[in-house]
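Novice: This structure is in structure tokens; I'll ask about it shortly.
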Amino acid sequence: MYLGKNEIKTVAIIGTGVIGAGWAARCLHRGVDVCAYDPGADAEALLREVVENSEQAMEKIVDVPDAKKGKLTFVKSIKEAVENADYIQESVPEVETIKIPTLNEIDKYAKANAIIGTSTSGLLPSRLQSELKHPERFVVAHPFNPVYLLPLVEVLGGEKTDKGACDTAADFYRSIGMKPLMVRKEIDGFVADRLLEALWREILHLVNDDVATTQEIDDAIIYGAGLRWAIMGTNMTYYLAGGKNGMRHFMEQFGPALKLPWAHVEAPELTDELIDKMVDQTAEQGAGKNLREWEQLRDNCLVSIMKALSEFDHGAGKIIKEDLAIQTEKLGL
Ligand SMILES: NC(=O)c1ccc[n+]([C@@H]2O[C@H](COP(=O)([O-])OP(=O)(O)OC[C@H]3O[C@@H](n4cnc5c(N)ncnc54)[C@H](O)[C@@H]3O)[C@@H](O)[C@H]2O)c1
């Protein structure tokens, strides 16, 4: 019923900001054509700049000899972008009143067998699909920035989504080097952003209360927990931290503190003063390099981390090995 991963030759990208451009770069590098639309004034130029800036890092991860890049076309309407597309990825701003009419228009002009994925970070698919004529082919496919390097994509459907659409979508994302995480229940924020939001809320409290600067808070991750997270997440890290009695010992030792609790459940008020502190302190951290230079530093470090993990056939390192095998097989090498 839906086009399979090998039949997907052209992907329409609707919205080419940070995330849409990342999707475009990921697809193009793996030989999939992209037809993009965004009404922003400099949208096409920005998209091409991001695609070009991403290339050097991706080449180090998926280096298949003689691989052909996909073709990038930028068009002037949603209709033109989707009418011949085999798969559609919507990445417009995270506002329901923008997403719903955009999705309705995509649905109106898309081929009947093309799946529509949305990059939403946490809006419920049942609401986003509520006015679609073909809601059964609508899935959430929530990626992570930079989309062209990070493998994770959370996949889930709404009340009217076919289970088959989620499975077909997951197959497609695997074929472009990703790790689909099938979210079992439809909840606000899905899995990953629930975790990230809890951390961010606490960061805002620490800055608001002048406990630490944004740099000091980043240091608390960079030199500690962050190094472990890429290897084994939080649960396995705590399992090891419990010693020979594992998680039971860890829970007995640190569980009581949860009752205090150390962390806040409510976010602080986003006052002008707090917003200014966050903006000023992070601007100070970012001084000395422009945005593209920071992105290249981040990308090169991500590549090195993933390559190190691939030596152990572990985590994201395992995915980049599989990706290379998939892209090589596609070329019949
Ligand atoms: N930034 C992140 O870290 C991140 C991570 C995962 C998912 N997301 C999700 O991805 C989506 C896009 O976020 P972003 O960070 O790329 O935002 P962004 O602001 O960088 O880009 C949004 C783009 O959509 C365009 N746009 C606005 N109205 C449009 C329309 N009607 N049709 C087509 N394009 C339109 C804008 O011109 C802009 O270029 C959101 O749903 C967001 O929640 C963001």
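Novice: Roughly how many debye, to the nearest 20, is the charge dipole of the chain about its Cα centre, given +1 on each Lys and Arg Cβ, -1 on each Asp and Glu Cβ, and no other charges?
Specialist: Details: 37 positive and 52 negative charges, 297 e Å.
My answer is approximately 1420 debye.
Novice: Something else: Below 8 Å between Cα atoms, with a sequence gap of 6+, how large is the relative contact order for the chain in percent?
Specialist: 17
Novice: Does the stretch 233-333 come out rounded, prolate or oblate by the C-alpha gyration tensor, with a ≥ b ≥ c the root eigenvalues, rounded set by a/c under 1.5 and, if not, prolate when a/b is larger than b/c and oblate if not?
Specialist: oblate
Novice: Among K68, K244, K330, rank each residue by its count of other Cβ atoms within 10 Å, from fewest to most, as a rough exposure measure.
Specialist: K244, K68, K330
Novice: Let me ask you something else. Restricting the count to DSSP beta bridges whose residues both fall in the chain, what percent are antiparallel, rounded to a multiple of 5?
Specialist: The antiparallel proportion sits near 15 percent.
Novice: Then there's this: How would M306, M278, M236 line up from fewest to most surrounding beta-carbon atoms within 10 angstrom? Don't jump to the answer; show the numbers that get you there.
Specialist: Details: M306 23, M278 16, M236 12.
Going from sparsest to densest Cβ surroundings: M236, M278, M306.
Novice: Just how far, in whole angstrom, is the stretch 129-151 from the stretch 246-260 if you go by their alpha carbon centroids?
Specialist: Taking the Cα centre of the stretch 129-151 as reference, the centre of the stretch 246-260 is 37 Å away.
Novice: If I build a Gaussian network model for the chain, linking alpha-carbon pairs within less than 10 angstrom, which residue out of E293, E96, E186 has the largest mean-square fluctuation?
Specialist: E293
Novice: Still on this structure, please answer the following. Check the straight Cα-Cα distances from K321 and name the aspartates and glutamates below 13 Å, setting aside those fewer than 8 residues away within the same chain.
Specialist: Partners within reach: D63, E311, D313, E329.
Novice: With only Lys, Arg, Asp and Glu charged, each at its Cβ (+1 for the first two, -1 for the last two), find how big the charge dipole of the stretch 192-287 is about the Cα centre; round to the nearest 20 debye.
Specialist: 980
Novice: From the cross-link list K160/K307; K68/K307; K68/K179; K76/K289; K111/K318, which pairs have alpha carbons spaced over 29 Å apart?
Specialist: Checking Cα-Cα distances, K160/K307; K76/K289; K111/K318 exceed 29 Å.
Novice: Between K330 and A225, what FRET efficiency follows from the Cβ-Cβ distance if R0 is 41 Å, with the result rounded to 0.05?
Specialist: For K330 and A225, the calculated efficiency is 0.65.
Novice: Mind sorting R184, R26, R127 by how few other Cβ atoms lie within 10 Å of their own Cβ, fewest first?
Specialist: Numbers: R184 8, R26 29, R127 15.
Arranged by neighbour count, lowest to highest, R184, R26, R127 become R184, R127, R26.
Rule-based calculations on the coordinates, nothing more; no lab input. Quick caveat, the model's predicted, so the values are computed rather than measured. Glycine also receives a Cβ, built like all others from the backbone with ideal geometry; neighbour counts cover every protein chain displayed.
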